[in-house]
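Okay, structure first, notes after.
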Amino acid sequence: MRAADTLMESLKAEGVKDVFGIPGGANLPTYDAMVDAEFRHVQVRHEQGGGHAAEGYAQASGRVGVAFATSGPGATNLVTAIADAMMDSVPTVFITGQVRTELIGTDGFQEADILGATLPFVKHSFAVTDPRQIPEYVHEAFHLASTGRPGPVLLDIPMDLSRADIDYQPRTEPVELPGYKPSTEGNIKQIRIAAKALANARRPIFYTGGGVINANASEELRELAGSDRFPVTSTLMGLGGFPASHENFLGMLGMHGTYAANHAMDKADLIVAIGARFDDRITGKLEEFAPHAKVIHIDIDPAEISKNVGAHIPIVGDAKQVLPKLTREYRALQTDTSRLDEWWNTLRGWQQEHPLFYDESSDQSGEIKPQFMIRAMHRATQGDAIITSDVGQHQMWTAQYYGFDKPRRWINSGGLGTMGFGLPSAIGAKVACPDEQVVCIAGDGSLIMNIQEMATCVAEDVPVKVFLMNNGYMGMVRQWQELFWDRRYSSVDMGTSPDWVKLAEAFGAKGMRCEDAADLEEQMVAALEHDGPVLLDARVAREENCYPMIPPGNAARDMVEAPRGSQVS
Amino acid sequence: MEAGTPQVVKLEDLHMPGQLTGRKHILSIQVENKPGVLARVAGLFSRRGFNIDTLAVGPTDDPSVSRITLTLDGAVHPIDQVTKQLHKLVNVLKIRDMAPEETVAREMALFKVSSAVENRAEIIQFAEIFRAKIVDVARRTMTIEVTGSADKIEAFERMVRPHGLVEMVRTGEIAIGRGHD
């Protein structure tokens, strides 16, 4: 069988149903094989878009996302998506064409050392040197991408090798890699110590991250938090892993987190980190982070434990397996729950005195406040859409105000912070979950970076809804220039171009515009009801700032809240 | 604690071991003998800001496995974090942080020393004391092979440097665990 056809057979054996990509010279054999393959290929308009679509697909569904690109520029266009998938631990397989074997190393046409270029941010990569490796490497790639701490795996296939004829037998044994054995169960002795520490904590807090979602451990987390009245805060990547509407939830923590969440971390005597990695956007100034807390750190990746913040009780394992054991051990201790009364009094006090806040005076009619826009989006979607996001203020406001109650409903670029992530990842999410509402909340600075994918939405009939929070700025950069650089605005004004409605129409999508808060929700509902892709250009208050905020380099307790009463209107 | 409450772990009793050991570490890393493995290891070190003091790579008794021996300063780097990051590389099979008292470590160095007639005898004498071998003699220089611990090689260097050290090459340390009876 032709090696390119065995590639398709192996993908099919891995349960692949949808893939994203663009053909080119070096992957012509692959695309020829694609004609007969029994899965859907979504022809994106730029390889970066294909990469992010594969990420959105994986994050919405939990299945491995797959993207194809040709050699050279096709492959290098994938690089941002690969780095993004690494930072956010997204299970993805990227398959690139490479120039013919005899041309490798000669600077041949469209040759790029994509394996070398991506070494720092792949979980693993394979350069095919013998066509018989192709099926084997596909299975290894899927195994690596989807187990342990998930991540991107690259498979680089020279053109001549994918044309070769090989014997093919479907693989039946599970993949065995001698250097790769993730620990999933969690050491039971450590879990017992953790349970006892929890029983002795007066000011505990659960700090949960994307690992909870990757592990599909939301139920298990709710059980554990419910085994006593444990307060829960979540990272940006973890939102939806614990219901935002749950009474134990304090909101997101970190640079734009809530007052209660950040102060709870600051005053806590015990932090239980679950699938979170103490990123600098969480800790603020590291030396002053959580000065009173002992740390239980549960993570599938041993290298995350004590990387940034030392763990007193490290537990390496899969949250789905560890959390039920911890719940059982904790319940067996039958601890007196009243010891948490004082802590909850403090937490409730913070929540009441320092809620998320913005000036709501124009909400009934008039200028659209960005925060109002997110609340309107929540109402219009009944809080139950898959929301993908670009990167910037709109992303933070969505994280603060949308209130995600379920996992895999919030898809954004957290670690790498890739502007232009929203639209292509929405395509991926919609392809993975065609029966769900998929909305991309976009910023005008971000959306233009991958706007070509509107063509994909139309041509491939992927009816995503883009809600554009248009303030005519790269708003987050503007906010930093305003607050920390003496308001010396430098290259952040996006002006009035393009005309987004006409642009949407030029792509063959529906374009809408909203300039009055009173109409916004209605227009969102109309956009959602429209049978096809829509871009809704919502003109929002131009210089609204995203608060609260921990100024860069500061401790969490030094966070700044929105100025009350004196807000720019 | 009230009666009947099971034994609990007091938070104030929880401690964290220090991360820096303050001594030199020799890591013996077995890797799959596959293309690009060294690039992955080297790339990891540069990306994470770990400084390698010495590095030696070679085959092992198993042709499918190579060994990378590297030395690192445990006063600067949390060795635990280094080994955990290395373990994440799929081609890394096994890592041993060699305990000094359980390890035989050797390095080889070649010294090209200027050897005018008047100091030639002294250099030969140094070589004998250090059980080094003279492997090349020319009219103005001598080349000496020294094998031993890094300390011994550095001591030899101090001895010959005043005579004019033209060039020096070192292999980096390799190490093997001591046998047990």
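The values are calculated or read from the model by the stated rules, or taken from the named source; none is laboratory data. Since the model is a prediction, treat every value here as computed from it, not as a measurement. We place every Cβ from the backbone using ideal geometry, glycine too, and count neighbours over all the protein chains shown.
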For the range B:42-53 the number of residues that are in contact with a helix residue (DSSP H, G or I) (Cβ under 7 Å, 6 or more places away or on another chain) and within 11 Å of another protein chain (Cβ to nearest Cβ) is 4
Report task. Inspect all residues belonging to the range A:139-156 and state whether any of them is of a type in the set (S, T, Y), farther than 30 Å from A:L250 by Cα and assigned to a helix (DSSP H, G or I). Result -> yes
Considering residues that are in a helix (DSSP H, G or I) and touching a residue at least 12 places away in the same chain (Cβ under 8 Å), the number found within the range A:296-323 is 7
Across the range A:473-490, the tally of residues that are under 18 Å from A:S446 (Cβ atoms), of a type in the set (A, V, I, L, M, F, W, C) and assigned to a helix (DSSP H, G or I) stands at 3
Within the range A:260-274, residues within 14 Å of A:T235 (Cα to Cα) and not hydrophobic (A, V, I, L, M, F, W, C) come out as A:N262
A careful count of residues in the range A:1-58 that are in a strand (DSSP E or B), closer than 22 Å to A:V79 by Cα and out of contact with any His (no Cβ under 9 Å at 6 or more places or on another chain) gives 3
Only one of A:D531, A:D519, A:D537 is touching a residue at least 60 places away in the same chain (Cβ under 8 Å) and either surrounded by 13 or more Cβ atoms within 10 Å (Cβ to Cβ) or in the same structural domain as A:R45 (by TED's automatic domain parsing) (or both), namely A:D537
Of the listed residues (A:Q351, A:Q393, A:Q382, A:Q364), the one being more than 14 Å from chain B (Cβ to nearest Cβ), touching a residue at least 60 places away in the same chain (Cβ under 8 Å) and within 30 Å of A:N450 (Cα to Cα) is A:Q393
The number of residues in the range A:119-177 that are away from every other protein chain (no Cβ under 12 Å), buried (at least 21 other Cβ atoms within 10 Å of the Cβ) and polar (S, T, N, Q) is 1
Note: among A:L28, A:L103, just one is among the hydrophobic types (A, V, I, L, M, F, W, C) and free of Cβ contacts under 8 Å to residues at least 12 places away in the same chain, namely A:L103
For this session: Scan the range A:398-410 and give yes if some residue there is of a type in the set (F, W, Y) and not in a loop (DSSP other than H, G, I, E, B), otherwise no.
Result: yes
Subset of the range A:452-492, residues within 27 Å of the chain's Cα centre (by Cα) and charged (D, E, K, R), comes to A:E453, A:E460, A:D461, A:K465, A:R478
Among residues of the range A:184-208 being loosely packed, with under 15 Cβ neighbours inside 10 Å and away from every other protein chain (no Cβ under 11 Å), the residue farthest from A:G148 (Cα to Cα) is A:K189
The condition of being of a type in the set (D, E, K, R), outside the structural domain of A:E55 (by TED's automatic domain parsing) and farther than 30 Å from A:F249 by Cβ holds, among A:E136, A:E176, only for A:E176
Within the range B:92-142, of all residues that are assigned to a loop (DSSP other than H, G, I, E, B) and buried (at least 20 other Cβ atoms within 10 Å of the Cβ), the one farthest from the chain's Cα centre (by Cα) is B:S115
